[in-house]
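A.B. asks: Starting off with a structure, shown below.
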Amino acid sequence: AAEVVTLTDATFEHHTQAATGQTSGVWLVRFKSETCGHCAKMDPEWTRLAEEMDNAVIVADIDGPNNPITTDRFNVRGFPTVLLFRDRKMFKYGGERTADAFAEFATATY
């Protein structure tokens, strides 16, 4: 089973290829903060999502406050913010914070 991938300012573009067409796959990225209670509360669902997706969708985390370049690039203003990167497009998630809801969003949004 796949695990949640940790991204940073230094690795974000290399891994996700958000600007260049994403030959690395579809990415669902959570911008989080160590001090964010809502982020901590959704950790178990996020981990389960990564296991269930098994890299059909790559599930990743980036620590927003410690990676300001990427956080600013995507205009992230609060945590958690979940963004889907697919086919050079970006979609912002706004639904329930459950593995099932994330999975549906990640596989049905084009």
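A.B. asks: Any residue at all in the range 84-107 that's in contact with a Cys (Cβ under 9 Å, 6 or more places away or on another chain) and either at pLDDT below 95 or closer than 23 Å to Ala19 by Cα (or both)?
C.D. replies: Scanning the range 84-107 turns up no residue that is in contact with a Cys (Cβ under 9 Å, 6 or more places away or on another chain) and either at pLDDT below 95 or closer than 23 Å to Ala19 by Cα (or both).
A.B. asks: How do the strands (runs of 3 or more DSSP E) wholly within the chain filter down when requiring 2 or more residues that are touching a helix residue (DSSP H, G or I) at 6+ places or on another chain (Cβ under 9 Å), open to solvent by less than 20 Å² (accessible area, probe 1.4 Å) and of a type in the set (A, V, I, L, M): which remain? Spell out how you get there, then give the answer.
C.D. replies: Details: elements: 5-7, 27-32, 58-63, 81-86, 89-92.
Answer list for the chain: 27-32, 58-63, 81-86.
A.B. asks: For Glu45, only one of the following conditions fails: (1) more than 12 Å from Thr6 (Cα to Cα); (2) free of Cβ contacts under 8 Å to residues at least 40 places away in the same chain. What is its number?
C.D. replies: (2)
The values are calculated or read from the model by the stated rules, or taken from the named source; none is laboratory data. Everything quoted here is computed from the prediction, not taken from an experiment. For neighbour counting, all protein chains shown are included, and Cβ atoms are generated from backbone atoms with ideal geometry for every residue, glycine included. The area values use the complete protein model at the heavy-atom level, side chains included, leaving out ligands, DNA and RNA. Shrake-Rupley method; radii C 1.70, N 1.55, O 1.52, S 1.80 Å.
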